Amino acid sequence: MELRELTTFITIAQTQSFSKAAALLNYSQAAVTIQIRQLEKELGVQLFDRLGKQITLTNRGRIFYDYALQILSLVSEASNTIAEEKSSGSLHIGTIDSLCDSIFPSLLKKYHRLHPSVTLNIVTETPAVLMEMLARNELDFVYLLDEQIFDDHLVKVIERRDRVVFAACASHPLAGRSDLTLDELLSYPFILTEKDASYRRLLEQRLLRLHKTIEPYLQARRTDLIMHMLCEDMAVSFLPKFLIDDKLKAGVLTELNIDDFQFHIWHQVIHHKNKWITREMKFFFELLRESLSFKEDSDTHPSY
């Protein structure tokens, strides 16, 4: 039994495809098939059911999958223990634009300084697209701002609640009002993120339940553009509070509060439960916790 056979077996199980595994591992499909046949011959069991183009693990295959993950994890741990403290390889990370603009620049800079041999690949998309990519094993993990996601196939490494607020420039006519009503707020022009952004979706769903709608005069994918426009315009926006904290403290922007109309969103770092957690992923999770001062709940989240 060879380690490359175990790696090939795990990759096929995660992608549910011999051809996709071959492409990811840079093997020919024939080489992948030979490795699995050799592994099945050595174990004396069939690891995959092949029904047309669909590939699924057999019962014995599912049992062996857990052992294969443990074996490769132990080999990796042993290798890392006796090797120099250097990482290599690559990370494929999925996130949304607002996080990419705000949190990721300094985070990526620090990660590269600590682990210069690791290639970082960042994909920005909507949460729905990112979750589909995660399921296809095209991403190692995703970092989202969204409603809490509950799925038995996923593992949350980091989870934290944050507020989403209405914001405007400090000189806005509604600034400082304690008796502000929703109808009055909605009468002013709005600048919002694109329609499929998670926090805009939550806002529109809440308004729909109240039989109200919102039509921004400007919508943009980039939150840095929105914040720049807010500082120079009499418009209102709806943004995660952590994005505008500096401008709130500096008195450039102000939060517009409406009684009984509070919103929360969740920072969530997620990977597939069957994902082999590489050393490079562990380092990134540790750096993310340190950079964001997240406190992990050991009862609900794994410790890497």
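The values are calculated or read from the model by the stated rules, or taken from the named source; none is laboratory data. Here the structure is a predicted model, which means the values were calculated and not measured. No Cβ is skipped: glycine too gets one built from the backbone with ideal geometry, and neighbour counts run over all protein chains shown. Ligands, DNA and RNA are excluded from the accessible area calculation, which covers all protein heavy atoms including side chains. Shrake-Rupley method; radii C 1.70, N 1.55, O 1.52, S 1.80 Å.
A single member of 37, 60 is assigned to a helix (DSSP H, G or I) and exposed (fewer than 13 other Cβ atoms within 10 Å of the Cβ), and it is 37.
Here's the yes/no breakdown for (1) open to solvent by 20 Å² or more (accessible area, probe 1.4 Å); (2) more than 20 Å from the chain's Cα centre (by Cα):
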{"position": "231", "(1), (2)": "yes, yes"}
{"position": "235", "(1), (2)": "no, yes"}
{"position": "242", "(1), (2)": "yes, no"}
{"position": "254", "(1), (2)": "yes, yes"}
{"position": "266", "(1), (2)": "yes, no"}
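Here residue 185 passes the criteria (1) at pLDDT 90 or above; (2) in contact with a Phe, Trp or Tyr (Cβ under 9 Å, 6 or more places away or on another chain); (3) open to solvent by 60 Å² or more (accessible area, probe 1.4 Å) except the one numbered (3). Selection within the range 63-82: residues that are without any contact (Cβ under 8 Å) to a residue 60 or more places away in the chain and of a type in the set (S, T, N, Q). The member of this set that is least open to solvent (accessible area, probe 1.4 Å) is 79. Among the residues making up the range 1-22, a single one is open to solvent by 80 Å² or more (accessible area, probe 1.4 Å), outside any loop (DSSP other than H, G, I, E, B) and either more than 14 Å from residue 71 (Cα to Cα) or small (Gly, Ala, Ser) (or both): 20. Count of the range 276-288 residues, restricted to those that are within 24 Å of residue 146 (Cβ to Cβ) and surrounded by 19 or more Cβ atoms within 10 Å (Cβ to Cβ), is 4.
Considering only residues that are polar (S, T, N, Q) and open to solvent by 50 Å² or more (accessible area, probe 1.4 Å), look in the range 103-124 and name the one that is modelled with the highest pLDDT. Even if it seems obvious, please write down each step before you answer.
We begin by selecting, within the range 103-124, every residue polar (S, T, N, Q); these are 106, 117, 119, 121, 124.
Applying the additional criterion that residues be open to solvent by 50 Å² or more (accessible area, probe 1.4 Å) yields 106, 117, 119, 121.
Values: 106: 89, 117: 88, 119: 91, 121: 94.
Result: 121.
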